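Where a number appears in this text, it was derived from the coordinates with a stated rule and is not lab data. Worth saying up front: this structure is predicted, and the values here are computed from it rather than measured. Note that we place each Cβ from the backbone using ideal geometry, even for glycine, and neighbour counts take in every protein chain shown.
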Ligand SMILES: [Fe+2]
Ligand SMILES: [Fe+2]
């Protein structure tokens, strides 16, 4: 059931035609300062960009555009920078950051945006560390997939804040998972919404698949391992949570056994406790603390 003037076909069309989303003004301001340095290193540049899911998504969009001839093949920031070239990238970042450090400040500073921001970093770092643990070849890709997994929530928060707030409230009032509440109120969930954008921005198929199915990894039809990595990183971050509206958190011991069972089944990782995984996820001394 949807509310008011919500029309799924219109929303789908609007998201499919979406050209830009705003990145965090805090990151934009810091990145601007960094770009003023005479010779910023590529490593530092990657580190700055990878702090913000929107900035990362916009760089991947450009690298996967038909102009460069690698459409749907670029899934890491290092490859994106090689494809675009350092100088054009710096020019692009300057134009994005000049606009975004001042625009939508009120929207971007809202509590839910900050929550999505820190949650995305937690899932990204967690997915990268899990990738190393289970010998998943491209840990950079696991990081990007984790960073972008909830981009649908950013889209809904930025483009349809009132409708999305209704869905979040419904999830909390009814104690049901966010996806269920979103489907009830908006006729779609944030995984689908993120998938629409990822598809229209020509992201590689495994990233589209992971964004779409991170809450239902059994439906993944592309790179099941990547989808399960991000799914489990998401669950582990929630098990360490402060409250977040992405997932109605079930009983803690249910969540723990769900995580351990899935590790055993999909990655043959046995004999670890939830605490071991949580310790693996602890992130210290990162620049992103500027945004919390
Ligand atoms: Fe999610
Ligand atoms: Fe999430």
What's the FRET efficiency of residue 261 with residue 240 using the Cβ-Cβ distance as r and R₀ = 30 Å, to the nearest 0.05?
0.95
If you take all C-alpha pairs in the range 149-256, what percent of them are over 21 Å apart?
35 percent
Could I have the simple spin-label model distance between residue 86 and residue 71, label points 7 Å from Cα toward Cβ, reported in nm to one decimal?
3.0 nm
Residue among 200, 239, 273 with the largest mean-square fluctuation in a Gaussian network model of the chain, springs linking Cα atoms under 10 Å:
273
Largest-first principal axis extents of the Cα set of the range 107-291 (Å):
44, 37, 35
Could you please rank 26, 156, placing first whichever residue has the fewest other Cβ atoms within 10 Å of its Cβ?
26, 156
Ranked by GNM mean-square fluctuation in the chain (Cα springs under 10 Å), the top entry among 226, 148, 274 is 274
For the pair residue 111 and residue 205, what calculated FRET efficiency results from E = 1/(1 + (r/R0)^6), where r is the Cβ-Cβ distance and R0 = 45 Å, to the nearest 0.05?
0.85
Give the Rg (one decimal place) followed by the Dmax (whole number) of the range 25-100, computed from C-alpha coordinates and expressed in Å.
11.7, 33
Between residue 43 and residue 175, with labels modelled 7 Å along Cα→Cβ, what's the label distance in nm to one decimal, could you check?
5.0 nm
The extension gain from residue 273 to residue 253, computed as 0.36 nm times the residue separation minus the Cα-Cα distance, is 6.0 nm
Mind telling me which of 189, 205, 276 comes out most flexible in a GNM of the chain, alpha-carbon contacts under 10 Å?
276
